1. Give the residue, chosen from Y43, Y4, that is more than 12 Å from E112 (Cα to Cα), under 14 Å from the mean Cα position of the chain (by Cα) and open to solvent by 50 Å² or more (accessible area, probe 1.4 Å).
2. Give all pairs with beta carbons closer than 6 Å in which a residue from segment 84-112 that is open to solvent by less than 20 Å² (accessible area, probe 1.4 Å) meets a residue that is in a loop (DSSP other than H, G, I, E, B) and of a type in the set (A, V, I, L, M, F, W, C); count only pairs at least 6 apart in sequence or on separate chains.
3. Take segment 1-52 and flag every residue that is closer than 18 Å to G105 by Cα and of a type in the set (K, R).
4. Please return the ranges of strands (runs of 3 or more DSSP E) entirely within segment 4-59 where 3 or more residues are over 16 Å from A97 (Cβ atoms) and modelled with pLDDT under 95.
5. Can you work out which of the residues in segment 65-112 that are among the hydrophobic types (A, V, I, L, M, F, W, C), in contact with a Leu (Cβ under 9 Å, 6 or more places away or on another chain) and in a loop (DSSP other than H, G, I, E, B) is nearest to T44 (Cα to Cα)?
6. So in segment 67-78, with the set limited to residues that are touching a residue at least 40 places away in the same chain (Cβ under 8 Å) and buried (at least 19 other Cβ atoms within 10 Å of the Cβ), which one is nearest to V8 (Cα to Cα)?
7. Does S64 qualify as being at pLDDT 95 or above and open to solvent by less than 70 Å² (accessible area, probe 1.4 Å)?
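The values are calculated or read from the model by the stated rules, or taken from the named source; none is laboratory data. All figures in this text were calculated on a predicted structure; none of them were measured in a lab. In this analysis, Cβ positions are derived from the backbone assuming ideal geometry, glycine residues included, and neighbour counts consider all displayed protein chains. Heavy atoms of the whole protein, side chains included, go into the accessibility calculation; ligands, DNA and RNA do not. Shrake-Rupley method; radii C 1.70, N 1.55, O 1.52, S 1.80 Å.
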Amino acid sequence: MPNYRIIVDLSQRILYLLDNDTVTRGFPVGIGRMLTVSPVGEYTIINKQPNPGGPFGAFWMGLSKPHYGIHGTNDPSSIGHMVSHGCIRMYNQDVVALAAIIPIGTRVTIRE
């Protein structure tokens, strides 16, 4: 049975999906701006919502830190940059693929 977890590396601007301790996928991400940095720490995925609308793109996965999540975008050119209010932003096709794999309760580590 898979044992998924996510590591978001802010300096590389990559979200890694791990099964046990093996990286299975890497996705480019957009991260928080200087004034609204992405929160470093250990969290879990607490909810998942397809098509949340607005700037959140095709999918929203909420973190255990209120108001923060991993989500799609309506501005694909923002991926790879420091653009968000602290959320982890992914290409829509990537966030949909990731959401299909990971269950609620997946551990998320955000590191610098």
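1. Numbers: Y43 fails: open to solvent by 50 Å² or more (accessible area, probe 1.4 Å).
Sole residue among the options that is more than 12 Å from E112 (Cα to Cα), under 14 Å from the mean Cα position of the chain (by Cα) and open to solvent by 50 Å² or more (accessible area, probe 1.4 Å): Y4.
2. As it stands, the answer is I110/V40, since those pairs meet every condition given.
3. Once the filter is applied, which keeps residues that are closer than 18 Å to G105 by Cα and of a type in the set (K, R), segment 1-52 yields R5, K48.
4. Details: elements: 4-9, 14-19, 22-32, 41-50.
By residue number, no strands (runs of 3 or more DSSP E) qualify.
5. My answer is I102.
6. So in segment 67-78, the residues touching a residue at least 40 places away in the same chain (Cβ under 8 Å) come out as 70, 73, 78.
Narrowing further to those that are buried (at least 19 other Cβ atoms within 10 Å of the Cβ): 70, 73.
Working: I70: 10, T73: 17 Å.
Of everything passing the filter in segment 67-78, I70 is nearest to V8 (Cα to Cα).
7. When the stated conditions are applied, S64 passes them.
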